[in-house]
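What follows is a short report on a single structure.
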Amino acid sequence: MNSSEVLLGSPAEHPTPSETPDATSARVVIIGAGPAGLTSAVDLAEGGRPVVVLEKDPEYVGGIARTVCYKGYRFDIGGHRFFSKSDEITQRWQQRLGSEFISVRRLSRIFYNGKFFDYPLKAANALFGLGIFRSIACVLSYFKAQIVPTKPEKSFQDWVSNRFGKMLFSIFFKTYTEKVWGMPCDQISADWAAQRIKGLSLWTAIWNALIPQRKKSGSGVVKTLIDTFEYPRFGPGQMWDKHRDDVIAAGSTVEMGQEVVRINIAGDRVSSVTTRDVAGRETDWTGSDFIVSMPLKECVLAFHPPLPEETIRAAKRLQYRDFLTVALIVKKTDLFPDNWIYVHDPSVKLGRIQNFNNWSPHLIPDASTTCLGLEYFCFEGDGLWTMPDGELIELGKQELAKLGLVRQEDVIDGSVVRMEKAYPVYGPGYQADVNVIRAELARFTNLQPVGRNGMHKYNNQDHSMMTAVLAAKNLTGSHYDLWKVNTDAEYHEEASAGAEDTTGRLMPKPLAAPLA
């Protein structure tokens, strides 16, 4: 089955963005060389349509899915598994890289109080791994929550504490959630917890751990953990470098270091975009159609003449969570078997640790060393974001030592990469603001927003690619509504045999009332 049929149903009833009389020879201007932009570009270029891709970064394509190279060490901006429930996307990956994929064993755990715990979280493992006295305290905390639950149950903190007790909540839910999203758990809606943690029962898990359960035959959905995944031997950037090369081989261009500063409009059409390069020179790029994966907020604010004030206000309210990676080179091997570790220790700012040796040995030029990616979640302009690279590297070394994972003297080098607008935030009233923007952008007949930031939707790279696939199809006569990709979808670390395809990723929602 075609994945666009799974995700979308029938095509939407609206006119195709391209109304040009000779669409096969008209140039398409694509803003952004991430997974979405490059997917549209390669489809169109190889289909005979001239394309120019404009990328803000002067060196790397791939957006947040790039692979950065530092002194021969390659590392992700976050780990990027190549797993999709869409056969169409999986086939596309294989067609581009084929034998360059390797199969990687998946292991990720939670690190707390000097111990490792299973992830996804297993209640019995969590409880028994805490030790006898802490386990007793957790059980007492659980019973207290059953006898005197928090009512009304409004927040993420309320929901989890009522079902697991405040002590287990503080250990396995509170710290990491607040590090990632930058807001207290008592200000996150309980709805997110109800969706994200559904099916996890404390006492059922303990009972099943103590009393072996016979497998039931017949019907019933069996969940299987994704214990292996595909990964390009030289990192995810290898995929997007290949897309770029294929676009160029098809006769089109990818222009690096070109930041879009204006989207010029005339009536109901975009006439051109203006970019500024690293030297400050401005260039106008004309085209018949425009596919945009730059952040939706920046897209709206770049229109010239400006869009209506209501649309501008809506765009300015959109929020993002930013991210930085401190890559450390360690003169040791076999530090731990995990691909990545979630750090639940509240005494450190560190949120997650990637061990790139365990993603692919080809990422590491010196087999006697290990490359660790220390991930910090932040807001652009805050104390972490503005900290000098040298201080961030020292912070990473100190925090690894504090956790007891790596000695400071074993770290021999490091590098820092900042990624702005890594995660679109579903802030108060965000959906209403996005709807205002969608309605205004829909009047431009030759403009299509795509991708994670382009649509302000927290997509995986396969979802972002699907919006781009359909955008390209719209320029060859189809009429797909790209906004239906990933609508009301969920994404799980587990796949259910026979279950409906509900791909996507859940986001926490603040309790605050929508902004006026």
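Brief remarks follow.
- Histogrammed with a bin width of 5 Å, the alpha carbon distances of region 134-184 distribute as 5, 24, 27, 23, 14, 7, 1 percent, first bin at zero.
- Of every Cα-Cα pair in region 389-490, the percent that sits beyond 15 Å: 72 percent
- The order of 455, 419, going from fewest to most other C-beta atoms within 10 Å of their C-beta, is 419, 455.
- You can think of it this way: the chain between residue 309 and residue 246 has 18.6 nm of extra reach, that is 0.36 nm per residue less the Cα-Cα gap.
- Column: log10 I(q)/I(0), Debye, Cα scatterers of region 286-372, q = 0.12, 0.13, 0.15, 0.25 Å⁻¹: -0.65, -0.69, -0.74, -1.25
- Efficiency of FRET between residue 391 and residue 134 - r from beta-carbon atoms, R0 35 angstrom, step 0.05: 0.50
- Each of 482, 441 has some number of other Cβ atoms within 10 Å of its Cβ, and from fewest to most they run 441, 482.
- Local electrostatic count, residue 70, Cβ distance below 13 Å [Lys/Arg +1, Asp/Glu -1]: -2
- Extending 7 Å from Cα along the Cβ direction at residue 91 and again at residue 301 yields two label points whose distance is 4.2 nm.
- Centroid-to-centroid separation of region 308-384 and region 394-458 [C-alpha atoms, Å]: 11 Å
- Its alpha carbons give region 287-330 an Rg and a Dmax of 16.1, 53 Å.
- Checked against a 21 Å cut-off, the cross-linked pairs 56/484; 154/174; 166/457; 349/397; 154/509; 242/484 give Cα-Cα distances beyond that limit for 56/484; 166/457; 242/484.
- Viscosity 1.002 mPa s, 20 °C: Kirkwood-radius Stokes-Einstein D of region 217-371 over Cα pairs, µm²/s: 103 µm²/s
- Residue exposure sequence - 465, 294 - by fewest surrounding Cβ within 10 Å: 294, 465
- Using the Cβ-Cβ distance between residue 191 and residue 271 with R0 set to 51 Å, the FRET efficiency works out to roughly 0.75.
- Additional length obtainable on full extension of the chain from residue 362 to residue 435, 0.36 nm per residue less Cα span: 21.8 nm
None of the figures in this text is laboratory data; all of them are computed from the coordinates on show. Here the structure is a predicted model, which means the values were calculated and not measured. Methodologically, a virtual Cβ is constructed for each residue, glycine included, from the backbone with ideal geometry; neighbour enumeration extends over all protein chains shown.
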